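Taking it in order: structure first as structure tokens, then the write-up.
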Amino acid sequence: MAAELLAMPDSELFALADRVCRAEFGTSVYLRGLIEATNNCSRDCAYCGIRRSNPNARRYALSDQDILDAVREGRRAGLSSFVVQGAEDPAFGTGRLAGLARLLRSELGDDVALTLSFGTLSRSAYAELRRAGWNRYLLRFETSDPDLHLALRGSTLDRRLEALRDLRDLGFEVGTGFMTGLPGTNEATLVRDVALTASLEPDMVGIGPFIPHPGTPLARARCRGLAPMQRAVAAVRVLLPQANMPATTAAGSVAPDGRERALAAGANVLMPNIGPAAHKKDYELYPGKICLDEDGIRCMGCLSGRVASVGKRVDMGRGDSPAWLARHGRARVAEAGA
Ligand code: SF4
């Protein structure tokens, strides 16, 4: 099915994906407030600008208070879904991340959705984080090619998939996804990436284009533009009608209208960066990242205009995954937090 969808003419595929998205989510585009907590990564992924071997990355880590302040401000602006993302920083161990969830829950209660993205952890660590109050987790597999995965990330695809199964078993809303246009990939890889994503039945799917970073071994690789990303988003939308799918910042960094193109192909989420402006430029996974000088709350005004340009509207609700709600026997608009 993935192959058939990706073989369709782009205009037909995008129109189909847009119809499927609107049938499930109407014109809503959910906002998630993103906070990039640390770029001190202990890993060395070959495509990533904050890999430990890049001596030019200016390192930083937010305090729990910084994160709380950012979430508070986002909440005052009306957001009800937050994503705390970090590199694999040993200073952010399970105990600290669990404590952070309790801190955020004590302030915000159970009405908000709290998403964590801190890489591959043990099942027991995920269980502790779930109990502490995180209710969503993002873990992209990046490429479905096992050899390429190992070469680029230094760990196995199987381990990543095991972690995704653990997260699902533990009751998280689970997000995964991949990068399009990685060196060493082709159309067949894209088909397998889409098929693997569909087989995992995730609640959230993030798909972004590869953008070469000068501080990495892939500095001289070429960016293959937005087309593969847009086709992948559309194919996944058709295969997973209920998944929440962000129009990624990476898409907006490749072309000024990158996020609108993703929204027109079935994406239904945007993630304004609401962390401290002083550190936004330092979380440089790829070069040319947009919105670095903007105050995150002000970004939300800009995003409203972009969303309106594709005939949709910003929705400040939690945007719970319909599939997750069904799995857990919850009503679609009345989920209690954690
Ligand atoms: S992709 Fe993630 S785990 Fe890999 S080096 Fe970058 S921040 Fe670290």
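The values are calculated or read from the model by the stated rules, or taken from the named source; none is laboratory data. Note that the structure is predicted; figures quoted are calculated from it, not measured. Cβ: placed from backbone, ideal geometry, glycine included. Neighbour counts: every protein chain shown.
At a glance:
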{"read-out": "Residue match in segment 275-296 (condition: within 24 Å of residue 77 (Cβ to Cβ), among the aliphatic types (A, V, I, L, M) and modelled with pLDDT of 85 or more)", "value": "no"}
{"read-out": "Lone qualifier among 147, 158 - being surrounded by fewer than 21 Cβ atoms within 10 Å (Cβ to Cβ), over 23 Å from residue 213 (Cβ atoms) and out of contact with any Phe, Trp or Tyr (no Cβ under 9 Å at 6 or more places or on another chain)", "value": "158"}
{"read-out": "Among the residues listed as 278, 243, 255, the single one being in contact with an Asp or Glu (Cβ under 8 Å, 6 or more places away or on another chain) and more than 16 Å from the ligand (Cβ to nearest atom)", "value": "243"}
{"read-out": "Scope segment 24-53; condition of a type outside the set (Gly, Ala, Ser), surrounded by fewer than 17 Cβ atoms within 10 Å (Cβ to Cβ) and within 13 Å of the ligand (Cβ to nearest atom); matching residues", "value": "44, 52"}
{"read-out": "Members of segment 56-93 that are in a loop (DSSP other than H, G, I, E, B), crowded, with 18+ Cβ neighbours inside 10 Å and more than 16 Å from the ligand (Cβ to nearest atom)", "value": "79, 80"}
{"read-out": "Residue satisfying all of: in segment 161-186; away from the ligand (no atom under 13 Å from the Cβ) and of a type in the set (Gly, Ala, Ser); surrounded by the fewest Cβ atoms within 10 Å (Cβ to Cβ) among these", "value": "184"}
{"read-out": "Criterion violated by residue 35 - all others in (1) assigned to a loop (DSSP other than H, G, I, E, B); (2) in contact (Cβ under 8 Å) with a residue 24 or more places away in the chain satisfied", "value": "(1)"}
{"read-out": "Residue 114 within 21 Å of residue 202 (Cα to Cα) and within 16 Å of the ligand (Cβ to nearest atom)", "value": "no"}
{"read-out": "Residue within segment 223-244 that is in contact with a helix residue (DSSP H, G or I) (Cβ under 9 Å, 6 or more places away or on another chain), more than 28 Å from residue 25 (Cα to Cα) and at pLDDT 85 or above present", "value": "yes"}
{"read-out": "One residue from 231, 259, 237 being over 16 Å from the mean Cα position of the chain (by Cα) and crowded, with 23+ Cβ neighbours inside 10 Å", "value": "231"}
{"read-out": "Residue match in segment 174-184 (condition: out of contact with any strand residue (DSSP E or B) (no Cβ under 9 Å at 6 or more places or on another chain) and in contact (Cβ under 8 Å) with a residue 12 or more places away in the chain)", "value": "yes"}
{"read-out": "Candidate set: segment 1-32, residues that are free of Cβ contacts under 8 Å to residues at least 24 places away in the same chain and charged (D, E, K, R); chosen: the one farthest from residue 70 (Cα to Cα)", "value": "4"}
